[in-house]
Ligand code: KIV
């Protein structure tokens with residue numbers, strides 16, 4: 001079992017599609033490991049795992065704890081640590097926190113949100129031997145500042161952002177919430193892989209939040225989500241059977257008893 005490296009990810013540009021998913025614990029990381037190239041310990045952690053309305057409350061401490069757990073489960077995939085809101089506001093702070101990630105976890109790379117405005121920060125991390133994944137388009141950490149999640153349509157700005165990140169040394173870019181035709185042009189404008197979420201099919205790979213993809217999150221379904229499992233429905237049905245069998249004294253049977 002060969003571990004996926006940053007070189008494998010970079011060389012996938014214009015070749016095979018990169019498969020990426022989020023995970024926040026060892027159990028799911030182990031289940032996903034065989035089928036994906038990249039596991040992202042996203043700051044979506046705080047929405048999926050902690051039930052918060054957005055990602056902004058995620059902290060370095062939480063992210064490190066969950067990344068350690070993911071690395072315990074993922075032996076093959078490339079693990080990316082999502083830098084939480086406020087952890088990379090300037091070069092010094094970003095470097096201090098990114099170094100902490102490499103020192104305290106086995107993560108292979110960090111991801112941070114922002115285009116041209118964050119290029120100097122990316123450059124600083126790359127200069128210090130840290131693999132950086134960019135994230136442009138709809139940036140969830142901007143949700144309060146922008147008053148909601150908005151699909152991005154400014155092609156010129158997005159191309160400039162992607163190219164600034166490429167120049168700064170990112171090995172790949174997540175492109176979120178961008179119309180498919182614009183995403184295609186952005187992908188063609190850089191030599192690093194562009195991994196889409198809500199960005200159509202003409203990108204170099206896809207990333208999705210696991211609980212959306214497996215149908216565990218039922219409150220609403222964003223347009224870009226495809227549910228490959230009715231996770232919540234199946235779980236509820238199983239729980240209903242379990243509760244019934246406990247109440248009726250059917251579980252545990254002789255088979256489950258010592
Ligand atoms: O935090 C996250 O899960 C992400 C993905 C939406 C790309 O950043």
Sort the following peptides by mean Cβ neighbour count (other Cβ atoms within 10 Å, averaged over residues), highest first: 162-172, 34-44.
34-44, 162-172
What do you get for the angle between helix 155-168 and the principal long axis of the chain? Use alpha-carbon atoms, 0 to 90 degrees, nearest ten.
90
Can you sort 156, 237, 176 so the residue with the fewest Cβ neighbours within 10 Å comes first?
156, 237, 176
In degrees from 0 to 90, rounded to the nearest 10, what is the angle of the helix 91-104 Cα long axis to the longest principal axis of the chain?
40
Given the chain, what whole percent of its Cα pairs are spread farther than 28 Å?
34
Out of all DSSP beta bridges in the chain, what portion is antiparallel? Express it as a percent rounded to 5.
5
Mind checking the angle between helix 180-189 and the chain's longest principal axis? C-alpha axes, 0 to 90 degrees, to the nearest 10.
50
Report the residue, chosen from 88, 228, 102, that carries the largest GNM mean-square fluctuation when the chain is represented by alpha-carbon nodes joined by springs under 10 Å.
228
From the Cα centre of the range 217-252 to that of the range 18-79, the distance in Å is 22
Using mean Cβ contacts within 10 Å as the protection proxy, how do 93-100, 78-85 order, highest first?
78-85, 93-100
Specify the residue with the greatest mean-square fluctuation among 151, 110, 174, computed from a Gaussian network of the chain linking alpha-carbon atoms under 10 Å apart.
151
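Kindly provide the helix-only [θ] at 222 nm of the chain, computed as the sum of -39,500 (n - 2.57) over DSSP H runs of four or more divided by all residues, to the nearest 500 deg cm²/dmol? Walk me through the intermediate numbers first.
Working: 11 runs with 103 residues, N = 258.
About -11500 deg cm²/dmol.
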What span do the alpha-carbon atoms of the range 132-258 cover on each of the three principal axes, reported in whole Å from largest to smallest?
66, 31, 24
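Just so you know, all these numbers are worked out from the coordinates, no wet-lab data involved. These numbers were taken from a predicted model, which means no experiment stands behind them. Positions of Cβ are generated from backbone atoms using ideal geometry, with glycine treated the same way; all protein chains shown enter the neighbour counts.
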